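Some notes on the structure that comes next.
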Amino acid sequence: MDDLQDMLNAVKQLSPDLTSKLSDDALNGLLTNAYQIAMADGFPKLAKNNDGETIKARDMATQYLALHLITINKAMGDGGANVTSEQVSVLKRTYADVSKLKLFQRSPWGQLYLWLYNLYGNGSITRYGLVQH
């Protein structure tokens, strides 16, 4: 990872509401793990976009994955991102059914990570092929 502090600042700028209650140590830990996952998923450090400009694909993937993990964690915890309704008199809380969604479909950050994965990571590699007989 080039500079952990730069990536930490970038994640805080991308989603201030999501990261405001997390300590820098917790964010650094998430970013370090997300970086390792992005490397394992085959993201190059640098890539060319359609205009031929160089972008930091691995850093972008790391940021999106870290924000996705925070979003998933909040949805499962008391953050209640999956809460669809609440009732007060007889305590009742209704949650959205996300069981049919794949992991990266559960947040906009996960969808961005998956999009990058298909563009620059190993997502564009065909692993199965149809053999004609």
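Just so you know, all these numbers are worked out from the coordinates, no wet-lab data involved. These numbers come from a predicted model, not from an experiment. A quick note on method: Cβ atoms are made from the backbone with ideal geometry, for glycine too, and the neighbour counts reach across all protein chains shown.
Figures for the structure shown
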| item | result |
| --- | --- |
| Computed FRET value (nearest 0.05) for residue 13 with residue 118, which takes r as the C-beta separation and R₀ as 30 Å | 0.75 |
| Additional length obtainable on full extension of the chain from residue 48 to residue 6, 0.36 nm per residue less Cα span | 13.0 nm |
